[in-house]
Amino acid sequence: MAIQAVVFDWAGTTIDYGSRAPIVAFQRAFAHFGIDVPEAVIRADVGLDKAEHIAKLFAQPDTWAAWLHSGHNAERDVAIQEVYQQFQQEIRTVLTETAQLKPGMQALCAYLQLKHIAVASTSGYTADMIKQLLPLANQQGYRPTVNVTSELTAGVGRPQADMLTFAIKQLHLDDPQSVIKVGDTVNDILEGKNAHAISVGVVVGSNLIGMSEAEFTALPESEQSRLKAAARDTFIKAGADYTIDSMADLMPLIESLDQKALQVPLLLTPGPLTTSASVKETMLVDHGTWDDDYKVLTQSIRQALLAVGHADPELYTSVLMQGSGSFGVEATLQTAVPQDGTLLIAMNGAYGQRMATMATRLGIKHLDLDFGETQIVSAEKVLNVLNQHPEVTHFAMVHSETTTGILNPLTPLIPKLVEMGIVTIVDAMSSFGGVPIDVTQLGVDYLISSANKCIQGVPGFAFVLAKQLTLAATEGNARSLSLDLYDQWTCFEAEAGKWRFTSPTHTVYAFRQALNELIEEGGVAARHTRYAANEKQLRAGMLALGFEPLLPTAVQSPIITSFKYPDNRFDFRRFYESLKQAGFIIYPGKVSKAKTFRIGNIGEIYPEDIQQLLAVIAKIDAVPSAAVSQ
C-alpha cells in the first residue's frame with residue numbers, strides 16, 4: 001500500500017536542531033534544586049514521556065544521591081513530581097527559543113500536502129507544550145492534523161506503541177505499514193516498530209548527534225561523516241527500517257516506497273522511465289481538448305519549458321508535437337530545411353543515423369559525418385566538412401546518444417555554427433531536463449526533447465524549443481500535414497494554446513506535474529547531480545562485479561551506461577529475465593561492434609535503488625562466477 005501518513009516526533013526531528021529544548025529544560029529544572037545532571041545522562045532517554053524520563057534520571061545513583069544530599073524530599077514519587085513541575089515551567093521558555101523548523105522541513109511539508117499524505121505527531125511533550133508549539137510551527141508551514149501525547153493514552157508513552165496506534169486510528173487508517181514514523185531517538189524507532197509502522201531515523205540535527213546547527217556545520221567534514229555514520233548505526237541496531245540524513249531525504253524515500261507498493265518494475269532505461277506515483281495519479285482523470293483550462297495548462301507548459309532551458313522568451317518559443325521524440329525530430333527536420341537546403345548530420349550512434357534515414361525519406365539533401373559509436377562529435381571535423389561543402393545550410397546532431405551513453409559537447413561547436421549562419425538542430429531527447437543546457441547562450445535554432453525523458457513524464461508528445469525568427473521563416477516547408485512544426489506553432493499562438501489535432505491530454509497533465517516535481521527537486525542542476533551520482537555508483541558497482549563500461553568516464557553521460565558482456569558465456573536473455581523477476585527492466589545493447597547491454601540512471605531512481613540492483617546482479621547465475629567473485 002502507498003504511504004498514506006507520516007507521524008513525526010517534535011524536538012530534534014521537525015523543530016529544534018540538535019534536540020536542545022528538552023536537554024536545557026531538564027538541566028534547568030534540576031539546577032533549580034541544586035542538582036547538576038550531565039547532558040549525556042539526559043540524552044540517553046530522550047523521547048520518553050517527561051515524567052517517566054525524570055524517574056529514569058532519578059534511577060541514576062549519582063542523581064538520587066545528589067538529591068538526598070541537598071536535603072530534598074526522600075520520597076521518590078514526590079521528588080519526581082517536584083522536578084516535573086519545575087520542568088514544565090522551564091520548558092515553556094525554551095520551547096519558544098527552539099521552535100524553528102529544521103532544514104528541509106518546509107519543502108517536505110509542501111510535498112506531503114501535494115501528495116495528500118496526512119501529517120501527525122506523537123511526543124514526549126505534554127498537550128500544553130504542543131499547544132504552545134503549534135502556532136509557531138503553523139507560521140512556518142508545518143501543520144500536523146493529529147497531535148498525540150501520553151495524556152491521551154493513559155500515561156503510556158514511548159517506546160510503547162500506544163501513542164502511535166492512537167494517531168493512526170485518529171487518521172482513520174487501517175494498515176500501519178502505510179504509515180511512516182519519523183524520529184531522532186531510539187525510543188522513536190522502537191515506538192514505530194512496536195506499532196508495526198515503517199520506522200525512520202533522521203540523523204542530522206538529531207538527539208543522537210546532539211549539536212546545534214552552528215556547532216555541527218563548524219566540524220570538519222570527516223568528523224561530520226563519522227558522527228552521522230555512528231547515528232545511523234545506532235538507529236539500525238534499534239530496528240530502524242530506514243535512516244535519512246535530513247528531512248528533505250524523506251521525499252525520495254516515500255517515492256521509492258510508493259513504487260514498491262505499486263509492485264511496478266523500475267525502468268532503468270533512457271525513457272520511458274520510472275515516474276513518481278503522483279505523476280501516475282494525475283492521469284486518472286479524463287480531460288477534454290477544447291477546455292479552456294486545458295489550453296491554459298498547455299500555455300503554462302510552453303512557458304515552463306523555456307525556463308527549464310534558459311531560453312529567452314523574447315527570442316524563443318516552444319512547440320509541443322503529438323507522438324514520440326522521433327516525431328518531434330522528423331517534424332523539425334522537414335519544417336526547418338527548405339527544398340533547396342542541404343543538411344549536414346553529425347552522428348555517432350543509432351539516433352544520428354535515424355535522422356539520416358528521415359532526411360532520405362523526406363527528400364532532404366544531406367551529408368552524413370559518422371564519428372563511430374565511441375567517439376564524440378568533434379567541432380574541428382565538422383568545421384572541416386563545412387569548409388569543403390559551402391552548400392550546407394543546416395546542421396543536426398544528437399546531444400546525448402543513448403546508443404552508447406556518450407555525451408556530445410555542444411560548445412564550442414553550436415555557437416560557432418550560429419555565427420556562420422548555419423541553422424542548428426540539436427536532438428536533446430535524453431538530456432534536456434537532466435543535463436544543464438542554456439539555449440540562449442548556445443544560440444541553437446532548434447532543440448528537441450520528449451515528455452518521457454528527464455522531465456520524468458510519460459510518453460505522448462515531443463517538444464521543440466525554437467528561435468522565433470528562424471521558425472517564422474519556415475512557412476510552407478513541411479512535407480507533411482500532421483508534422484508541420486510551423487503550423488502547430490501558429491495554432492498555439494493564434495488560439496491561446498489549442499493543439500491542431502487531438503492531443504494526449506493525460507500525458508499533458510502528467511507532464512505538468514512532472515515539471516512541478518522538477519522544480520521541487522531543485523531544478524535541472526539538482527536532478528543532474530542525482531543522475532550523475534546514480535551513474536557513478538552504478539559504474540563503480542558494476543566494475544566491482546566484473547562488468548567493464550563501454551565508454552571512458554570523460555565522455556560518459558549521466559543518462560545511460562553501456563557495459564560489455566563479461567565473456568562469451570554471458571547469457572543476456574537469462575540476465576534480463578532474472579532482473580525483470582527482481583523488479584528491474586534494463587535495455588539490450590545497441591552498439592554494432594561490441595556485445596553490450598545498457599542500464600539507465602534517470603527517472604525516479606535513487607541510490608538505494610542502484611544499491612539493490614547491484615545486490616541482485618551479484619546473485620544472478622547468468623554472470624560468470626569469476627565476475628561475481630570479484
Within the range 273-304, of all residues that are assigned to a helix (DSSP H, G or I) and under 20 Å from the mean Cα position of the chain (by Cα), the one modelled with the highest pLDDT is A304
Across the range 579-589, the tally of residues that are in contact with a strand residue (DSSP E or B) (Cβ under 7 Å, 6 or more places away or on another chain) and of a type outside the set (S, T, Y) stands at 6
Search result, residues across the range 231-262 that are within 12 Å of G104 (Cβ to Cβ) and crowded, with 18+ Cβ neighbours inside 10 Å: I244, M247, A248, D249, L250, M251, P252
Considering only residues that are touching an Asp or Glu at 6+ places or on another chain (Cβ under 8 Å) and farther than 17 Å from I422 by Cβ, look in the range 354-370 and name the one that is surrounded by the most Cβ atoms within 10 Å (Cβ to Cβ). M358
Based on what the data block shows, is D162 free of Cβ contacts under 8 Å to residues at least 24 places away in the same chain and either assigned by TED's automatic domain parsing to the domain that holds Q106 or out of contact with any Leu (no Cβ under 7 Å at 6 or more places or on another chain) (or both)? yes
Residue by residue through the range 120-148, note down the ones that are of a type in the set (S, T, Y) and at pLDDT 95 or above. S121, T122, Y142, T145
How many of the residues in the range 305-331 are in contact with an Asp or Glu (Cβ under 9 Å, 6 or more places away or on another chain) and part of a strand (DSSP E or B)? 1
Being under 16 Å from I189 (Cβ atoms), assigned to a strand (DSSP E or B) and modelled with pLDDT of 95 or more, is that true of even one residue in the range 221-242? no
Can we say A462 is surrounded by 21 or more Cβ atoms within 10 Å (Cβ to Cβ), under 29 Å from D340 (Cβ atoms) and among the small types (G, A, S)? yes
Mind checking which pairs have a first residue in the range 188-204 that is closer than 9 Å to L164 by Cβ and a second that is in a strand (DSSP E or B), Cβ under 6 Å, 6 or more apart or different chains? G192/K181; G192/S199; A197/V179; A197/K181
Has the range 519-537 got at least one residue that is charged (D, E, K, R), at pLDDT below 95 and over 22 Å from L268 (Cβ atoms)? yes
Return only the number of the condition from (1) under 15 Å from N601 (Cα atoms); (2) small (G, A, S); (3) not assigned by TED's automatic domain parsing to the domain that holds I610 that S562 does not satisfy. (3)
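In the range 385-423, which residues are surrounded by fewer than 17 Cβ atoms within 10 Å (Cβ to Cβ) and more than 24 Å from A554 (Cα to Cα)? Don't jump to the end; show me each part of the working.
Start the filter on the range 385-423 by keeping residues that are surrounded by fewer than 17 Cβ atoms within 10 Å (Cβ to Cβ), which leaves 385, 387-391, 409, 411-412, 415-416, 419-421.
Those that are surrounded by fewer than 17 Cβ atoms within 10 Å (Cβ to Cβ) and more than 24 Å from A554 (Cα to Cα): V385, N387, Q388, H389, P390, E391, E419, M420, G421.
For G546, state whether it is touching a helix residue (DSSP H, G or I) at 6+ places or on another chain (Cβ under 7 Å) and at pLDDT below 95.
yes
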Kindly establish whether L344 is in contact (Cβ under 8 Å) with a residue 24 or more places away in the chain, over 37 Å from the mean Cα position of the chain (by Cα), outside the structural domain of L550 (by TED's automatic domain parsing) and within 28 Å of K595 (Cα to Cα). no
Which count do you get for residues in the range 237-255 that are free of Cβ contacts under 8 Å to residues at least 24 places away in the same chain and under 30 Å from S276 (Cα atoms)? 0
Screening A533, A514, A510, A496 for residues that are on the phi < 0 side of the Ramachandran plot, surrounded by fewer than 21 Cβ atoms within 10 Å (Cβ to Cβ) and of a type in the set (A, V, I, L, M) leaves only A533
For I559, indicate whether it is surrounded by fewer than 20 Cβ atoms within 10 Å (Cβ to Cβ), among the aliphatic types (A, V, I, L, M), closer than 23 Å to G271 by Cβ and in contact with a strand residue (DSSP E or B) (Cβ under 9 Å, 6 or more places away or on another chain). no
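Every residue, every condition in (1) over 42 Å from the mean Cα position of the chain (by Cα); (2) over 22 Å from I130 (Cα atoms); (3) at pLDDT 85 or above; (4) hydrophobic (A, V, I, L, M, F, W, C), yes or no:
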{"site": "A25", "(1), (2), (3), (4)": "no, no, no, yes"}
{"site": "A31", "(1), (2), (3), (4)": "yes, yes, yes, yes"}
{"site": "R43", "(1), (2), (3), (4)": "no, no, no, no"}
{"site": "A59", "(1), (2), (3), (4)": "yes, yes, yes, yes"}
{"site": "W67", "(1), (2), (3), (4)": "yes, yes, yes, yes"}
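Search the range 364-380 for residues being outside any strand (DSSP E or B) and over 36 Å from the mean Cα position of the chain (by Cα), and hand back the single one that is farthest from F432 (Cα to Cα).
This residue is I364.
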Among Y606, Y565, which is the only one that is out of contact with any Leu (no Cβ under 6 Å at 6 or more places or on another chain), touching a residue at least 12 places away in the same chain (Cβ under 8 Å), under 24 Å from V435 (Cβ atoms) and hydroxyl-bearing (S, T, Y)? Y606
Every residue in the range 181-205 that is surrounded by fewer than 24 Cβ atoms within 10 Å (Cβ to Cβ) and over 20 Å from A44 (Cβ atoms), please. A195, H196, I198
So how many residues does the range 589-599 have that are farther than 17 Å from L545 by Cα and in a strand (DSSP E or B)? 0
Can you name every residue in the range 561-588 that is assigned to a loop (DSSP other than H, G, I, E, B), among the aliphatic types (A, V, I, L, M) and touching a Pro at 6+ places or on another chain (Cβ under 9 Å)? A582
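The values are calculated or read from the model by the stated rules, or taken from the named source; none is laboratory data. No experiment lies behind these values; they were computed from the predicted model shown. All Cβ positions, even for glycine, are placed from backbone atoms using ideal geometry, and neighbour counts span all protein chains on display.
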